[in-house]
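Visitor: Structure provided below as structure tokens; questions to follow.
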Amino acid sequence: MHPLSDGRISAQASVALAADAKAAALRGGGIALEGFRKQVRVVGKGSDYDIVTRYDRLSEEAITEYLLTEHPEAAVLGEEAGQSGDGDLVWFVDPIDGTKNFASGLPLFCVSVGAAYRGSMVAAAVYDPVHDDLYSASLGGAFLNGEPLRSHGSELPCESVVLIDGPDEGPEYPPTHQEILIDCLREFRAVRRIGSCALELAYVASGRADVQVGLDIHPWDVAAGMFILRQSGGHYEVPADAASGGQPEWESPVFLAYTANFRIRRSRLRSRILGVHGSP
């Protein structure tokens, strides 16, 4: 990379990192496809509702090996192995985002790889291996299968599709999150719970959905998709207390994402999720 004097990287370096993110995501996606719709052993991670498979781990190992070979000075934060290394460049890896779908044979999962340099996202890739869709972004913009990606969609909630991600299912599903779900059912044309946060952000970036609500989210879930969405012209917001606290936005467990032309101030979600009250 070629850092500038103010701590940022050049557009050229960002493009190179995006190429590495895409290459890593393709490697992970190939491994995921090898195990898709086969007999896959599922292991619980602390509960029956949070699971992992050997393909999650194989995918993350392959991605991490590639990234650290190309960038030995970097740190990698993966969903399964946690963080390894320390450096100005940090890679966020979700080797199979949507493991429950993957294990059940549902074709709604992806591989997510994002890069942050000194606290700012600079490159990302989200790969849907079943449909062979590769979303990516650098400081030069967002792309879907190499073609420029511009955020677009419906303007009003009653015309829009909203996606809800998290928290995990279970008997202790938070009442406040139940209320958000009910609000969405009352306000939007269609409410969907796909179960792959990064893929949902990519859908909003490409106009396949208009709004996404994230609840109980982790950095590897959102880092890549957030950057792709913003580089497409879309919006990604976190609650006011998180935004003012100085932490990176990808560390906020709650977010609201929407297309460039969605009239967010016409939706009750803004005050419910962000604590921001817009004009009626």
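Visitor: Mean shadow of the chain, computed from the convex hull of its alpha carbons, in nm²? It would help to have the intermediate numbers written out before the result.
Guide: Details: hull surface 57.0 nm².
Here the figure is 14.2 nm², rounded to one decimal.
Visitor: What distance in nm separates the two pseudo spin-label positions at E159 and Q247, each 7 Å out from Cα along the beta-carbon direction?
Guide: Roughly 3.7 nm, to one decimal.
Visitor: Let me ask something else about it. Expressed in nm², what is the orientationally averaged projection area of the convex hull enclosing the Cα positions of the stretch 114-203?
Guide: Working: hull surface 32.3 nm².
That works out to 8.1 nm².
Visitor: Hey, another quick one. Placing unit charges on C-beta atoms (Lys and Arg positive, Asp and Glu negative, everything else neutral), compute the dipole magnitude of the stretch 11-148 about its Cα centre in debye, rounded to 20.
Guide: On the way: 10 positive and 20 negative charges, 70 e Å.
Value, rounded to 20: 340 debye.
Visitor: Sticking with this one: Kyte-Doolittle cut-off -1.0, length cut-off 15 Å along the helix's own axis using Cα: show which whole DSSP H helices in the chain pass. Walk me through the intermediate numbers first.
Guide: Details: long enough: 11-35 (36 Å, 0.67); 54-70 (24 Å, -0.80); 175-187 (18 Å, -0.38); 219-231 (18 Å, 0.49).
Those that clear 15 Å and a mean of -1.0 are 11-35, 54-70, 175-187, 219-231.
Visitor: Looking at the P(r) of the stretch 157-274, how many percent of alpha-carbon pairs lie beyond 16 Å? Could you put the intermediate results ahead of the total?
Guide: Values: 3866 of 6903 pairs.
Looking at the stretch 157-274, the distances longer than 16 Å represent 56 percent of pairs.
Visitor: Check H152: other-chain or 5+ apart residues with amide H under 5 Å from its amide H, H built from backbone geometry?
Guide: Residues meeting the criterion, in which the H sits 1.01 Å from N, are G207, A260.
Visitor: If you don't mind, there's one more thing I want to ask. Rounded to two decimals, what is the ratio between the C-alpha radius of gyration of the stretch 11-148 and 2.2 N^0.38 Å? Can you show the working numbers first?
Guide: Details: Rg = 14.7 Å, N = 138, 2.2 N^0.38 = 14.3 Å.
Cα-based Rg divided by the globular estimate yields 1.02.
Visitor: Full-extension gain between R8 and D168, please, as 0.36 nm times their residue separation minus the C-alpha to C-alpha distance.
Guide: Working: separation 160, 0.36 × 160 = 57.60 nm, distance 3.65 nm.
The R8-D168 span can extend by a further 54.0 nm.
We did not get these values from a lab; they are worked out from the coordinates using the rules stated. Since this is a predicted model, take the numbers as computed values, not measurements. Positions of Cβ are generated from backbone atoms using ideal geometry, with glycine treated the same way; all protein chains shown enter the neighbour counts.
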